[in-house]
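Just below is one structure, and these are the notes that go with it.
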Amino acid sequence: MKNIPSDFQEYLAIYKQSVEQPELFWETIANDFVWRKKWDKVLTWNFSEPSVKWFEGAKFNITENCLDRHLIDKADQAAIIWEPNNPNDAHKTYTYQSLYTQVCLFANVLKNRGVVKGDRVCIYMPMVPELVIAVLACARIGAIHSVIFGGFSAQSIADRIQDAGAKIVVTADGGYRGTKDIPLKFVIDDALVQCPSIEKVIVLNRTNTPVSMIKDRDFWWHEEMEMAEEMGLTTCDPELMDAEDMLFILYTSGSTGKPKGVVHTCGGYMVYTAYTFNNVMQYKPGEKFFCTADIGWITGHSYIIYGPLANGAISMMFEGVPNFPDPGRMWDIVDKHEIDILYTAPTAIRSLMAAGNQWLDGKDLSSLKKLGSVGEPINEEAWNWYNEKIGKGKCPIVDTWWQTETGGMMMSPIAGVTPVKPGYAMFPLPGVQVLLVDEKGEEIHGNGVKGNLCIKFPWPGMLRTTYGDHERCRQTYFSTYPNLYFTGDGCLRDEDGYYRITGRVDDVLNVSGHRIGTAEVENAINMHTGVVESAIVGYPHEIKGQGIYAYVICHSTHFDEDLMRQDILQTVSRIIGAVAKPDKVQFVSGLPKTRSGKIMRRILRKIAEGDNTNLGDTSTLLDPSIVDEIVKGKY
Ligand code: PRX
């Protein structure tokens, strides 16, 4: 691939060119892909609508780039290596040839069941290879996939299916995660009561859990695949897509109550994920890349599936969790499969570090060459442990900052090429034009400064819209500061000009690397009949990065706090999913509000952090005495 620097000076030169001639820069990279027809124009854009189009007029299919083109020289090379939840079960390897055949078969299954280009397909599956197959099969026929993380509740699934108007669901009877069996089909059945748009459900048999199959609606994956095979449907002509056709929708939380469907398109997303993967990881042919994310989140989309496969890489996927059957599991996987590059989240690093170094005993980690971190700020202690104990001081660590909306990595060291500093995303990647602004939107120049992180020029992987509501996209990302994309993150540019993300500046939490909107959790809690009002804030959590702290006002003052707490947690699990359950619930008789009724979250955050001494000016509050009550933890 072009424009991949191999030393710092080269990075500086390539970066400079990417800013001075962005179209030429991206076109040079895009030329290395398989297009049926090249673009008429590299880029047209304005951030006021917003309207961004990359490689307009180009015709192609992303799966030809992820599969077909590798059949020439990599047919027998592994594409996906899958490690099951239970270490005693055999792992599976899909070569590019076998993955291609499975994708074609399943693409034909979808077609047989009436899916056509532009239809939305909801995928709610465990971390099994069939999930990758389902995703790529959608892309093959031009259907738009919407993958929903297996931890979301029936209500969350229903909201997402309704928003996308999905026609078909691909799921499994159940899924294994550590010691748990997750009843996926049962949850889907619950969701589908509210989803008349769904015509068919395809169910993979993963756990042999008895499930109810509804006649003419529900079909078994293996029977459908057998049928396709008997019909000889082992190839499937790729649907010709325009570069700007939708590839997928992925729902993510924001500062308002309802998650939004971030839309990525085929051409730009492919070029961007492939380039950033190759560049940041300095990927060399034959290296085994292990991204521990779940495909239900953007990291799994971009760096288990599309980025690696577009590069003909070997992508490792893991069904289970890092601490099952014990906290040595990740290191067993690295050892067993001789992983070259490990890409994981600070939460996982912190929890494995906390489990103790004895879990590293006897594990051979010498295959590791490069390490990555993603999803949340990494603290220095975790960074040092990762560096010393896992990388043995010889593996560059890339702390990659990016978002669901950016499609791929935006700021990060380039492994072994650019300098690193613990906890720093360091520099923008080539093609990424960042700036810091103050509250008024004025650019903050110089070094040793903090501000809100914005981006001033389009990059190919950026979101194009929020599904079904373009105005929401404009308002959320492009209206705070005119003509800039606002990330929602605060950022420091230190004395050396190195960038460090300081965390969200909006009402979004990052819990174990999962994005959770405070308003979303509040809405869920407020659905409980016993609750009058609630306020959610984040607080520092040793393992999760941030924990969720709920202040709740109840109708009655006479109730069993423990029972009520349990009930509230269950309500949140039912409405959103277990990922959003508060870590702490404090019952209060009121909330600190201004005279105009705005909750002073700053005060609640301080109290949740245990810092009661410096609560700032409380005189503007409607009822300042409420603060003392909350601090005392009693009404
Ligand atoms: O606050 C930033 C944080 O995660 C947010 C994006 O979350 P999501 O869309 O779920 O995507 C996560 C995976 C890319 C960002 O706004 N974040 C992500 N990576 C980092 C980070 N914070 C600090 N350092 C990072 N490397």
Approximate spin-label separation N86-D567, in nm, with each point projected 7 Å along Cα-to-Cβ: 4.0 nm
Excluding residues on the same chain fewer than 8 positions from K336, give the aspartates and glutamates whose Cα lies under 12 Å from its Cα. E83, D364
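With all protein chains present, how much of the accessible area of the chain (probe radius 1.4 Å) comes from carbon and sulfur, to the nearest whole percent? Display every interim value, and only then the final one.
Values: 11610 of 23810 Å².
Here carbon and sulfur together make up 49 percent of the probe-accessible area.
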Given only helices, namely DSSP H runs of n ≥ 4 each adding -39500 (n - 2.57), what is the per-residue ellipticity at 222 nm of the chain, to the nearest 500 deg cm²/dmol? -8000 deg cm²/dmol
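Over the chain, what is the mean sequence separation of C-alpha contacts under 8 Å (at least six apart), divided by residue count, expressed as relative contact order in percent? If you can, show how the numbers build up before the last one.
Numbers: 1384 pairs, mean separation 80.3, N = 635.
Relative contact order of the chain: 13 percent.
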Could you go through segment 416-423 in sequence order and give the Karplus-derived ³J(HN,Hα) for each residue, using 6.51 cos²θ - 1.76 cosθ + 1.60 with θ = phi - 60°, rounded to whole Hz, and x for Gly and Pro? x, 10, 10, x, 10, 8, x, x
Taking a straight Cα-to-Cα line shorter than 17 Å from K450, and setting aside same-chain lysines fewer than 8 residues away, one finds K440
List, largest first, the extents of the alpha carbons of segment 537-633 along their principal axes, each in whole Å. 38, 34, 24
Gyration tensor (Cα only) of segment 354-399 to equivalent ellipsoid, semi-axes in Å sorted down, yields 18, 14, 8
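Quantify how much of the Cα-Cα distance distribution of the chain extends past 30 Å, in percent. Present the calculation step by step, with values, prior to reporting the outcome.
Working: 109408 of 201295 pairs.
Considering the chain, 54 percent of its Cα-Cα pairs are separated by more than 30 Å.
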Hits among lysines - C-alpha to C-alpha of K37 under 29 Å, sequence gap 8 or more where chains match: K2, K53, K59, K74, K111, K117, K284
Which of the DSSP-defined H helices in the chain satisfy a minimum axial length of 20 Å, computed from C-alpha atoms, and a minimum mean Kyte-Doolittle hydropathy of -0.5? 96-112, 266-280, 561-575
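Taking GluC sites (Glu not before Pro) that fall in a DSSP loop and have at most 15 other Cβ atoms within 10 Å as cut points, what is the longest piece of the chain between them? Could you put the intermediate results ahead of the total?
Details: sites that count: E199, E338, E439, E442, E495, E542, E609.
No qualifying site falls inside 1-198, the longest such stretch.
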What fraction of the Cα pairs in segment 106-232, stated in percent, has a spacing above 19 angstrom? 42 percent
Residue-normalised accessible area of segment 6-491, expressed per residue, 1.4 Å probe, Å²: 34 Å²
So if I take the centroid of the Cα atoms in segment 14-71 and the same for segment 388-422, what is the distance between those two points in Å? 25 Å
Work out the count of Lys pairs in segment 512-632 where the Cα-Cα distance is under 20 Å, with the pair 8 or more places apart or on different chains. 9
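The values are calculated or read from the model by the stated rules, or taken from the named source; none is laboratory data. If you're wondering where the values come from, they're calculated on a predicted model, not measured in any experiment. Don't worry about glycine lacking a Cβ; one is built from the backbone with ideal geometry, like all the others, and counts go over all protein chains shown. Areas reflect the complete protein model, heavy atoms only, side chains present, ligands, DNA and RNA absent. Shrake-Rupley method; radii C 1.70, N 1.55, O 1.52, S 1.80 Å.
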